1. Of the listed peptides 241-247, 184-190, what is their order by residue-averaged count of other C-beta atoms within 10 Å, with the highest listed first?
2. Please state, to two decimals, what the Cα-based radius of gyration of region 118-255 comes to when divided by 2.2 N^0.38 Å (N = residues).
3. May I ask you to derive the FRET efficiency for residue 76 and residue 263 from their Cβ-Cβ distance with R0 = 35 Å, giving the value to the nearest 0.05?
4. List every residue whose amide H lies under 5 Å from the amide H of residue 62, counting only residues 5 or more places away in sequence or on a different chain, with H placed 1.01 Å from N in the peptide plane.
5. Quick one: Karplus J couplings for region 47-52, per residue in order, coefficients 6.51, -1.76, 1.60, θ = phi - 60°, nearest Hz, x for Gly and Pro?
Amino acid sequence: MPRVPLRGRRSARAGTQTDEETRAHVAGAASAAAAEVAAPPAVTPDPTAAAFFDVDNTMMMGASLFWFARGLAARKYFTTRDLSRFVWQQAKFRIAGNESADDMHTIRENALAFVAGRPVQEIVQASEEIYDELMADRIWAGTRALAQQHLDSGQRVWLVTATPVELASIIAHRLGLTGALGTVAEVIDGRYTGRLVGELMHGPAKAEAVLALAEREGLDLSRCTAYSDSANDLPMLSLTGTAVAVNPDTELRAVARARGWQIRDFRTGRKAARIGVPTVGVAALSGGLVGGALALRRRNRFPW
């Protein structure tokens, strides 16, 4: 029997309602056909356990914000010479260890000033490109394998980093992780204001973010694991039942040994030497590359 068109099977009284139902049916079918259907989980979910990974020197060689800034410099957001000056200025603070309260206030207030006025989507697109160009090849295979072990056990895995949350989320997505906790920039009408929401995701702020996420997601922190390379992350590392020092700095290595934490070092002497230069001053980029950028922007009246 020939198939009767849907409209022909409806009562004439239906009128407009028939057309609406038809359009809804077609739209629903098209949406379902176009949807990406994920495969069923390969393992039983473990909803109360999770892992938290720092990014810079833990998941990635060097500082993610340094590579981000290099990518932006290549796109004429500022010059590579300016970038070098920012790194040196911040390195002096880190090496001397004498960041004053005023210095840190300036860093905090100006940390994301270089994106002020830029559309969020523009920075997200640039972040996608910069990750592929400059970051993908700098992921530590050993750390990535640790994250995968948690995923294979049914646990969720988050990055926790001072890097802007948009970039952090892209890194997490590219690595197949659950998500990311990063520095949040204020956005009004789809554009960055250049101001932070709260603090940089650094030190105690990381611990606060993990606590908030654990409460929201119903995590048992005693069953969770945290990974970092830096003693700056001791507040986060001390929250979880298991802490692992990855490629640790001298202070964290000493603390890890004293507390019986596991230490994993994926560096060779050559690699450590090679990444050391961008790392020393650049760690400050996660807290302050762009404090200098703001002053430069104001002096030169750049449109961004």
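Read the figures in this text as sums done on the coordinates, not as results from a lab. Quick caveat, the model's predicted, so the values are computed rather than measured. Heads up, the Cβs are rebuilt from the backbone with ideal geometry, glycines too, and the neighbour counts pull from every protein chain shown.
1. In decreasing order of mean packing, 241-247, 184-190 become 241-247, 184-190.
2. 1.08
3. My answer for the efficiency is 0.25.
4. The list, which skips near neighbours in sequence, is 57.
5. Listing the rounded values in order: x, 9, 10, 7, 10, 10 Hz.
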